[in-house]
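The values are calculated or read from the model by the stated rules, or taken from the named source; none is laboratory data. Please read these numbers as outputs of a predicted model, since none were measured by experiment. Neighbour counts run over all protein chains shown; Cβ positions are idealised from the backbone, glycine included.
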Amino acid sequence: MVTVKLFGTFRLDSGIKEMSLDVSSVKDIFPIIMDEVKRRDPQTALTMKDLKGCIVSLNGKQVGMKAQLQDGDTLFLVPAVAGG
Amino acid sequence: MTKYSGYMGKVLMVDLSKSLISEYPWSDEDRELYIGAKAMASKIMFDNFTGKETAFSEDNLIIVSTGPLTGTGAPCSNRFNISTLSPLTGITTSSNCGGNFGYYLKKAGIDALVIRGKCPVPTWIEIKNDKFFFHEAGDLWGMKVSQSQEELQRRMNEARKCRVKCGMLSIGPAGENMVKYAAVISGERAAGRAGVGAVFGSKNLKAMVATGNHEVPVFDPEKTTKLYQKWTETLRKHPLTGNQLPKMGTAGLVSPMQMRGILSTRNYAYGQYEHFDKVSGEVLAEDYNIVNKGCMSCPIKCARTVNVEGQEVKGPELETLGLLGGGIMNDNLELILKWNYELDELGMDTISAASTLAWAMEANEQGLWKNGLSFGKTANISKTFENIAYRRGIGNELAEGSRWLSEKYGGKDFAIQSKGLELAAYEPRRSVGQGLGYAVSNRGGCHLNGGYLVIVENLGLNADPQTPHAKADLCMLMQDLMESVSMTGQCLFTSYAVFPSFLISKPNSVVTKTVNKVIPFLGPVVRILNKFPGIASFHLFLLPHTKAIEYATGMKCNLARFIRAGERSYNVERAVNAKFGVSAAMDTLPKRLTNVPQDPKDPSTKVPLEVMKKVYYEARGWDKNGLPTEEKLRKMKII
Ligand code: SF4
């Protein structure tokens, strides 16, 4: 199992903080998360584009869509937006 | 008097020693060159300081200044600036504040105050339609900030037998006791950095209240209103100013900073904090934020409101979360909310307070100074802040800041400051352009005055954060642009919309990735723009500030003039600092950031400061010693 933790406005808007997923590649997580978003709120304004607007970080290092995952990995999905 | 709208046409000299008010000469040519707010304050300091003044000497000036857009209804425009000689750094500082004082100063018919001398006894000043009343403040002295402001409001109401609309600012006990990083607070917003509150305290000036019924004149009301409406819409639609900042405030940066390895941790030993998700903007928004608040006239509203001990108070900004979280190895968000409130009430800068504390924890750990403070130990922190404000016990020394302490006890390599000012929460070893900015910044280790390149390197855009290429030229451009935005009286966040939305919301797209790849090769192009801003004699849709100046004041403006004014502002500030001994030798960072890689296996994860500094001085047209030449000052019409 892989733990996926969400951050940023996507997390606030979807209400999803964390999911445990049985996946082997980063790209596989997106449709599953979107299904969960829609299950929670069928009227959601969130889209796959919003989700893919996140930086993906695997065990503390930024990775691309094709990165392979192993049992016990933790993925962070963080939006790139800024300003402080 | 002035021919330009947007201004009240009055800059006043306030002599505290004699309770005397006089006009300070400020011409329309000055307005054209320096626009307002921080830039005008720097020029006034340049014209008045000889280099012999010290922060607490009577001949130090406090300049409280507004911009021409303040009070005209422009988005995020009711900010004001306080400039003075800093007791923490010994050089100039400017602190920008979103409180209500600036707006009401203009309602009182005044653009700026140049304050000198020292009140013979503790005093608060009431300004009503450019009339000044000096009141004794012996009974306010000792009051914390909100109590002091509530009492002042009560007195104003009582005198006029109604609720008086007024703007105010006040210091707390930290300012009275001249803590070197004491703040001035206006409403709930702070002019926080580099000890402006201590200078108020040294002058026995507890508070100021402004009220009046002047209207700020606008040159072309129709065009101005239309522009402001469109501008507000743009800000509301942009992913940064319309979504991220309103929903999460600056606190929303904790998580992206963690991902990018730039979240100051354990006094900047590391760039990632294991428990960041317990002190993040997400948790703040989900579990603690009651309502979004903002400075006056702001459609973004990035401020948080939280509950501390049954009261609704201002929530922490990113810098406070970072430095009082991972910075001192504390994962308890509720404690940060409480400390943030306590520091505001005592009237103290949260950044310098937290960073000085982190230095003291490490000094204790290394046996340099036995002080009872340790990373992760939180029980004695509230008490320590109070001790700093009242200068009791170790608090008396902590009140001097980390540079002073490291000079006394050793540990300079890990005193995370530049020119005496503690850095904000962005760890620059994985954002080397931000590192350059911290080092060359005129007010010392300031993320904003340094150009905020972290937004290009890590947050927002993602241009190679380890390469020095193009960083010096970009740093200069960003510094100058931020100077220009500041001098209008507006919040720097209004300039974020300069980054096209798609670059922010689609970081993984081919276009964004290409832009990120290309940026490090843009140095020569940026250099041309920096050198010949005349080529940008037009308005840029993404920067409506230039049109706003034209429509609101009637003064000619375009991107070229705007950038030039920012450059002039940066140069005049540097020229003031030169009088107080600043040169290249003071543009430094602690060795932890320049000599020790953040990742021991990756030697590129440190700040290659000297390489970038050299290019930066060339870009600025300064001499090898990092100073503007006489010729440069003449060319910029500063002398
Ligand atoms: S964006 Fe935030 S700091 Fe800027 S004016 Fe608005 S509330 Fe104030």
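Being within 23 Å of B:LEU503 (Cα to Cα) and within 10 Å of another protein chain (Cβ to nearest Cβ) is a condition met by no residue of region A:34-46. State whether the residues of region B:217-229 include one that is within 16 Å of the ligand (Cβ to nearest atom) and either among the charged types (D, E, K, R) or assigned to a helix (DSSP H, G or I) (or both). Yes - at least one qualifying residue is present in region B:217-229.
Checking the structure you have, find out if any residue of region B:400-407 is more than 24 Å from the chain's Cα centre (by Cα), crowded, with 20+ Cβ neighbours inside 10 Å and either small (Gly, Ala, Ser) or not in a loop (DSSP other than H, G, I, E, B) (or both). Yes, region B:400-407 contains at least one residue that is more than 24 Å from the chain's Cα centre (by Cα), crowded, with 20+ Cβ neighbours inside 10 Å and either small (Gly, Ala, Ser) or not in a loop (DSSP other than H, G, I, E, B) (or both). Among the residues of region B:137-150, is any aromatic (Phe, Trp, Tyr), in a strand (DSSP E or B) and more than 21 Å from B:ARG79 (Cβ to Cβ)? No; the residues of region B:137-150 include none that is aromatic (Phe, Trp, Tyr), in a strand (DSSP E or B) and more than 21 Å from B:ARG79 (Cβ to Cβ). Going residue by residue through region B:125-140, is there one that turns out to be away from the ligand (no atom under 16 Å from the Cβ) and among the small types (Gly, Ala, Ser)? Within region B:125-140, one or more residues are away from the ligand (no atom under 16 Å from the Cβ) and among the small types (Gly, Ala, Ser).
For region B:40-49, indicate whether the set of residues that are away from the ligand (no atom under 16 Å from the Cβ), at pLDDT 95 or above, under 15 Å from the mean Cα position of the chain (by Cα) and within 29 Å of B:ALA399 (Cα to Cα) is non-empty. Yes; the residues of region B:40-49 include at least one that is away from the ligand (no atom under 16 Å from the Cβ), at pLDDT 95 or above, under 15 Å from the mean Cα position of the chain (by Cα) and within 29 Å of B:ALA399 (Cα to Cα). Determine whether region B:484-498 contains at least one residue that is more than 16 Å from the ligand (Cβ to nearest atom) and of a type in the set (A, V, I, L, M, F, W, C). No, every residue in region B:484-498 fails to be more than 16 Å from the ligand (Cβ to nearest atom) and of a type in the set (A, V, I, L, M, F, W, C).
Scanning region B:501-518 for residues that are within 30 Å of B:GLY67 (Cβ to Cβ) and in contact with a Leu (Cβ under 7 Å, 6 or more places away or on another chain), we see that the one that is farthest from the other protein chains (Cβ to nearest Cβ) is B:LEU503. Within region B:338-367, residues that are touching a residue at least 60 places away in the same chain (Cβ under 8 Å) sit with their Cβ atoms under 7 Å from residues that are surrounded by fewer than 24 Cβ atoms within 10 Å (Cβ to Cβ) and outside any helix (DSSP H, G or I), at 6+ positions apart or across chains, in these pairs: B:ASP344/B:LYS314; B:GLU345/B:LYS144; B:LEU346/B:LYS144; B:TRP359/B:GLY411; B:MET361/B:LEU373; B:MET361/B:SER374; B:MET361/B:PHE375; B:GLU362/B:GLY411. A search for C-beta distances below 9 Å between a residue of region B:450-476 that is outside any loop (DSSP other than H, G, I, E, B) and any residue that is aromatic (Phe, Trp, Tyr) and at pLDDT 95 or above, counting only pairs 6+ apart in sequence or on different chains, returns B:VAL454/B:TYR426; B:LYS471/B:TYR616; B:ALA472/B:TYR616; B:ALA472/B:TYR617; B:ASP473/B:TYR616; B:CYS475/B:TYR616; B:MET476/B:TYR570; B:MET476/B:TYR616. Taking the criterion of being more than 16 Å from the ligand (Cβ to nearest atom) and in a helix (DSSP H, G or I), the residues of region B:237-272 that qualify are B:VAL254, B:SER255, B:PRO256, B:MET257, B:GLN258, B:MET259, B:ARG260. Taken over region B:259-286, the criterion of being at the interface with chain A (Cβ under 8 Å from one of its Cβ atoms) and under 21 Å from B:GLY315 (Cα atoms) is satisfied by B:ASP277, B:SER280, B:GLU282, B:ALA285, B:GLU286.
Here's the yes/no breakdown for (1) within 20 Å of B:CYS76 (Cα to Cα); (2) part of a helix (DSSP H, G or I):
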| position | (1), (2) |
| --- | --- |
| B:SER495 | yes, yes |
| B:VAL511 | no, yes |
| B:VAL515 | no, yes |
| B:PRO520 | no, yes |
| B:ILE535 | no, yes |
| B:PHE538 | no, no |
| B:ALA548 | yes, yes |
| B:CYS557 | yes, no |
| B:GLU573 | no, yes |
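Looking for something surrounded by 24 or more Cβ atoms within 10 Å (Cβ to Cβ) and within 14 Å of another protein chain (Cβ to nearest Cβ) - is there at least one such residue anywhere in region B:343-353? Yes, region B:343-353 contains a residue that is surrounded by 24 or more Cβ atoms within 10 Å (Cβ to Cβ) and within 14 Å of another protein chain (Cβ to nearest Cβ). The numbered conditions (1) touching an Asp or Glu at 6+ places or on another chain (Cβ under 7 Å); (2) closer than 29 Å to B:ASN332 by Cα; (3) not charged (D, E, K, R) are all true for B:TYR273 except (1).
For B:ASP331, indicate whether it is outside any helix (DSSP H, G or I) and more than 16 Å from the ligand (Cβ to nearest atom). It is true that B:ASP331 is outside any helix (DSSP H, G or I) and more than 16 Å from the ligand (Cβ to nearest atom).
In the set (1) closer than 23 Å to B:VAL283 by Cα; (2) more than 10 Å from chain B (Cβ to nearest Cβ), A:GLN62 fails one condition alone, (2). Could you figure out which of (1) touching a Cys at 6+ places or on another chain (Cβ under 9 Å); (2) in a strand (DSSP E or B) isn't true of B:PRO75? The one condition B:PRO75 does not meet is (2).
Scanning region B:292-326 for residues that are among the basic types (Lys, Arg) and either away from the ligand (no atom under 12 Å from the Cβ) or crowded, with 23+ Cβ neighbours inside 10 Å (or both) turns up just one, B:ARG304.
Candidates B:LYS517, B:LYS471, B:LYS506, B:LYS513: the one that is assigned by TED's automatic domain parsing to the domain that holds B:GLU567 and surrounded by 24 or more Cβ atoms within 10 Å (Cβ to Cβ) is B:LYS471.
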